[in-house]
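J.: Shown below is the structure under consideration.
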Amino acid sequence: MLIRKPSDIPSSEITSKSDYMNRRQFMAGAAAVGASALGAARLVSPHQSVNADTSASAKLTTVPSPLSTAGITPTSFKDITTYNNFYEFGTDKSDPAKNAWRLKTRPWTIAIEGNVKEEKTFDIDALMKLHPIEERIYRHRCVEAWSMVIPWDGYSLSEFIKACKPLSTAKYVQFLSLEDIGEEPWIRESSLHWPYSEGLRMDEAMHPLTLLTFGLYGQTLPNQDGAPVRVVLPWKYGFKSAKSIVKIRFVENQPRTTWNESAPKEYGFYSNVNPNVDHPRWSQKTERVIGAPFWKASQPTLMFNGYGDQVASLYKGMDLRTNF
Amino acid sequence: MPNRFVVALKWIVFPLCLVPLGVLVDQGFTDSLGPDPVATITHQTGFWALYFLLISLAITPIRRFHRRLAWLIRFRRMLGLFAFFYACLHITTWIWLFSNFNAHTMAHDVVKRPFITVGFFAWLILLALAATSTLWAIRKLGGKRWLWLHRAVYVAAIAGVIHYWWIVKTGVRTPWKVTVVLAILLLARLVWMVMESARKNRVTVATAA
């Protein structure tokens, strides 16, 4: 059930990108001024503050996709980019937007390792040209029981995996995110094991819905949303969708995944959205729709986040209560 | 402090205690509760329930610093009742915004989610204390029994802090501040008890000799 009326404004026009950019430049500028005033040069090198400007998002040319979810209205650009989890930039959901300007997204490469015909490194700009970028509007469900609708831009991860030429011994795919104390000093404050690691079974990774994502709302990803490249798995809880990926490994055994390592009883390897599997803190039966007024923010959570028709077959015969 | 000053001060403190609620209401009307308004309301009402509980627990130790601070005791009930007031708003967000008045969902939560079990327990204690906060109740129960019952506030405060630790995610350590404050307030009582018994012993020894 949607709260706001569907609008026929193209998603690229909904947000005022300039407002957002100005805010971020202001934040960077203010932080730089404040830090130098305090003599905290360690935190903001001139190089990094320059980066805040050069990492400005660029417009993407996208094509429509039949895999985009129809009939749902995207959450505002502002909410998508100011309310999210990205522990490398702080544990509060408003932290990533404040702190991720430190992230340096160029140059950027993704290393391909493990059971592949040939280990190699892809440059981000080449990666973005590998296949036409599609707009995919997906539901996004966080394990913390809130949800959004996000117009992502990317192409199916399967296109990239084919280019990686994995061997038949590759049963799982592991995603490793950037771990950089300089750009992400917050990782020191967290008890999680770094770098952030996520993983998928090969058939999940090859599923056409699994998106290798470079942008949202028709422009390159804002840093806080996992720039310059991330994955998006609309039928799984948000934390499965690894951000700012620097390495993809094709492996034989189920790889370690960060939240599962941290609390195995709470976060399983699969982490499919499932209203019938409870979490000790959050009821997974309902979700709060971000951006909705508080008295009608609650809506029922759908099995596989509403993507059951496409993905349920992946888990045929599996007990999803034990394989949560 | 003369009575009229205490009364005048109460007229200032009472509306001050309503400021956190006022801020929330204002944010509600100006659409500035943030992207997740339900979370904002829940967190703020929960924080203030805990803060008021800690403030009311601070009265006694502070009062013991000096005889001339004795008048502070006259604010304790009001502050305690404000803790209960914010705890009621907090539990209302759960009953309404999270459970949509569904008794089955709530019962399930109380049984299955430890942080809700302990939070609900803390609220029940506050309810009992609020219900017996009148002069009439003190007379009816008798001073001693009333005092014993109201010592349950320590249990409520500890349960409230545990409730906070159990809702935050692994790796989040934000509850440490309220934990330290509560520890200091409880420790202050322990120190006082030890000092008192030592003093009494000295007195007994002195009289015996």
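J.: Counting just the residues of the stretch A:57-76 that are more than 22 Å from A:Leu209 (Cα to Cα) and not basic (Lys, Arg), which one comes out surrounded by the most Cβ atoms within 10 Å (Cβ to Cβ)?
T.: Step by step, filter the stretch A:57-76, then rank; the result is A:Ser57.
Results for (1) closer than 30 Å to A:Asp125 by Cβ; (2) assigned by TED's automatic domain parsing to the domain that holds A:Met148; (3) buried (at least 16 other Cβ atoms within 10 Å of the Cβ), shown as yes or no for each residue.
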{"position": "A:Val251", "(1), (2), (3)": "yes, yes, yes"}
{"position": "A:Pro255", "(1), (2), (3)": "yes, yes, yes"}
{"position": "A:Asn274", "(1), (2), (3)": "no, yes, yes"}
{"position": "A:Thr286", "(1), (2), (3)": "no, yes, yes"}
{"position": "A:Gly291", "(1), (2), (3)": "no, yes, yes"}
{"position": "A:Leu320", "(1), (2), (3)": "no, no, yes"}
{"position": "A:Asn323", "(1), (2), (3)": "no, no, no"}
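J.: Further question on the same structure: Would you pick out the residues in the stretch A:249-301 that are among the aliphatic types (A, V, I, L, M) and either touching a Ser or Thr at 6+ places or on another chain (Cβ under 9 Å) or under 24 Å from A:Leu176 (Cβ atoms) (or both)?
T.: The answer is A:Val251, A:Ala263, A:Val273, A:Val289, A:Ile290, A:Ala292.
J.: Continuing with the same structure: Determine whether the stretch A:281-301 contains at least one residue that is touching a Phe, Trp or Tyr at 6+ places or on another chain (Cβ under 8 Å), part of a loop (DSSP other than H, G, I, E, B) and modelled with pLDDT under 95.
T.: The answer is yes, given that some residue of the stretch A:281-301 is touching a Phe, Trp or Tyr at 6+ places or on another chain (Cβ under 8 Å), part of a loop (DSSP other than H, G, I, E, B) and modelled with pLDDT under 95.
J.: I've got another one for you. Please return the ranges of helices (runs of 4 or more DSSP H) entirely within the stretch B:35-145 where 2 or more residues are within 14 Å of chain A (Cβ to nearest Cβ) and on the phi < 0 side of the Ramachandran plot.
T.: B:37-63, B:76-92, B:103-112, B:114-131
J.: Which residue out of A:Lys240, A:Lys165 is assigned by TED's automatic domain parsing to the domain that holds A:Glu119 and closer than 20 Å to A:Asn260 by Cα? Let's see the steps before the verdict.
T.: Numbers: A:Lys165 fails: closer than 20 Å to A:Asn260 by Cα.
Answer to the selection: A:Lys240.
J.: What number goes with the only condition from (1) more than 10 Å from chain B (Cβ to nearest Cβ); (2) surrounded by 15 or more Cβ atoms within 10 Å (Cβ to Cβ); (3) touching a helix residue (DSSP H, G or I) at 6+ places or on another chain (Cβ under 9 Å); (4) not in a loop (DSSP other than H, G, I, E, B) that A:Tyr270 does not pass?
T.: The number of the failed condition is (4).
J.: Of the residues that make up the stretch A:101-117, is at least one surrounded by fewer than 19 Cβ atoms within 10 Å (Cβ to Cβ), of a type in the set (A, V, I, L, M) and assigned to a strand (DSSP E or B)?
T.: Yes, the stretch A:101-117 has at least one match.
J.: Being within 14 Å of A:Trp186 (Cβ to Cβ), in contact (Cβ under 8 Å) with a residue 40 or more places away in the chain and within 16 Å of the chain's Cα centre (by Cα) is the filter here; which residues of the stretch A:85-108 pass it?
T.: Across the stretch A:85-108, the qualifying residues are A:Asn85, A:Phe86, A:Tyr87, A:Glu88, A:Phe89, A:Gly90, A:Thr91, A:Asp95, A:Pro96, A:Ala97, A:Ala100, A:Leu103.
J.: Could you tell me whether A:Asp123 is within 20 Å of A:Pro151 (Cβ to Cβ), in contact (Cβ under 8 Å) with a residue 12 or more places away in the chain and of a type in the set (Asp, Glu)? If you could, list the steps in order and put the result at the bottom.
T.: Working: within 20 Å of A:Pro151 (Cβ to Cβ): no; in contact (Cβ under 8 Å) with a residue 12 or more places away in the chain: yes; of a type in the set (Asp, Glu): yes.
No.
J.: Scan the stretch A:273-317 for residues that are of a type in the set (Lys, Arg) and away from chain B (no Cβ under 14 Å) and report the count.
T.: 1
J.: Another question, if that's okay. I need the full set of residues from the stretch A:137-173 which are over 24 Å from A:Phe250 (Cβ atoms) and assigned to a strand (DSSP E or B), in order please.
T.: First pass over the stretch A:137-173, keeping only residues over 24 Å from A:Phe250 (Cβ atoms): A:137-151, A:153.
A:Ile137, A:Tyr138, A:Arg139, A:His140, A:Arg141, A:Trp146, A:Ser147, A:Met148, A:Val149, A:Ile150, A:Pro151, A:Asp153 - these are the residues of the stretch A:137-173 that are over 24 Å from A:Phe250 (Cβ atoms) and assigned to a strand (DSSP E or B).
Yes/no matrix, rows are residues, columns are (1) assigned by TED's automatic domain parsing to the domain that holds A:Lys162; (2) without any contact (Cβ under 8 Å) to a residue 60 or more places away in the chain; (3) more than 19 Å from the chain's Cα centre (by Cα):
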position	(1), (2), (3)
A:Ile110	yes, no, no
A:Glu113	yes, no, yes
A:Glu119	yes, yes, yes
A:His131	yes, yes, yes
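J.: In the stretch A:86-100, what count of residues is obtained for those that are of a type outside the set (Ser, Thr, Tyr), at the interface with another protein chain (Cβ under 10 Å from one of its Cβ atoms) and surrounded by fewer than 19 Cβ atoms within 10 Å (Cβ to Cβ)?
T.: Total meeting the criteria: 1.
J.: Would you pick out the residues in the stretch B:171-180 that are touching a Phe, Trp or Tyr at 6+ places or on another chain (Cβ under 9 Å) and more than 14 Å from chain A (Cβ to nearest Cβ)?
T.: B:Val178, B:Thr179
J.: Could I ask something else about it? Can you list residue pairs whose Cβ atoms sit under 9 Å apart, with the first residue in the stretch A:45-70 being closer than 20 Å to A:Pro185 by Cα and hydroxyl-bearing (Ser, Thr, Tyr) and the second being at pLDDT 50 or above and surrounded by fewer than 18 Cβ atoms within 10 Å (Cβ to Cβ)? Count only pairs 6 or more apart in sequence or on different chains.
T.: A:Ser45/A:Gly182; A:Ser55/A:Arg106
J.: If we scan the stretch B:39-57, do we find a residue that is of a type in the set (Gly, Ala, Ser), touching a Pro at 6+ places or on another chain (Cβ under 8 Å) and over 22 Å from B:Ile184 (Cα atoms)? Explain how you work it out, then say what you get.
T.: Going residue by residue through the stretch B:39-57, those that are of a type in the set (Gly, Ala, Ser) are B:39, B:46, B:49, B:56.
If we keep only those that are touching a Pro at 6+ places or on another chain (Cβ under 8 Å) as well, we get none.
Looking through the stretch B:39-57, none of the residues is of a type in the set (Gly, Ala, Ser), touching a Pro at 6+ places or on another chain (Cβ under 8 Å) and over 22 Å from B:Ile184 (Cα atoms).
J.: Identify all residues within the stretch B:146-170 that are touching a helix residue (DSSP H, G or I) at 6+ places or on another chain (Cβ under 8 Å), surrounded by 15 or more Cβ atoms within 10 Å (Cβ to Cβ) and within 14 Å of another protein chain (Cβ to nearest Cβ); write none if there are none.
T.: B:Ile162, B:His163, B:Tyr164, B:Trp165, B:Trp166, B:Ile167
J.: Counting just the residues of the stretch B:10-46 that are in contact (Cβ under 8 Å) with a residue 60 or more places away in the chain and among the hydrophobic types (A, V, I, L, M, F, W, C), which one comes out farthest from B:Arg77 (Cα to Cα)?
T.: Top of the filtered list is B:Val38.
J.: Hey, another quick one. Name the one entry in A:Pro74, A:Pro64 that is assigned by TED's automatic domain parsing to the domain that holds A:Ala227, under 22 Å from A:Gln299 (Cα atoms) and modelled with pLDDT of 95 or more.
T.: Selected residue: A:Pro74, the only one of A:Pro74, A:Pro64 that is assigned by TED's automatic domain parsing to the domain that holds A:Ala227, under 22 Å from A:Gln299 (Cα atoms) and modelled with pLDDT of 95 or more.
The values are calculated or read from the model by the stated rules, or taken from the named source; none is laboratory data. What you see is a predicted model; the values in this text were computed from it and never measured. Every residue, glycine among them, receives a Cβ derived from its backbone with ideal geometry; neighbour counts consider all protein chains shown.
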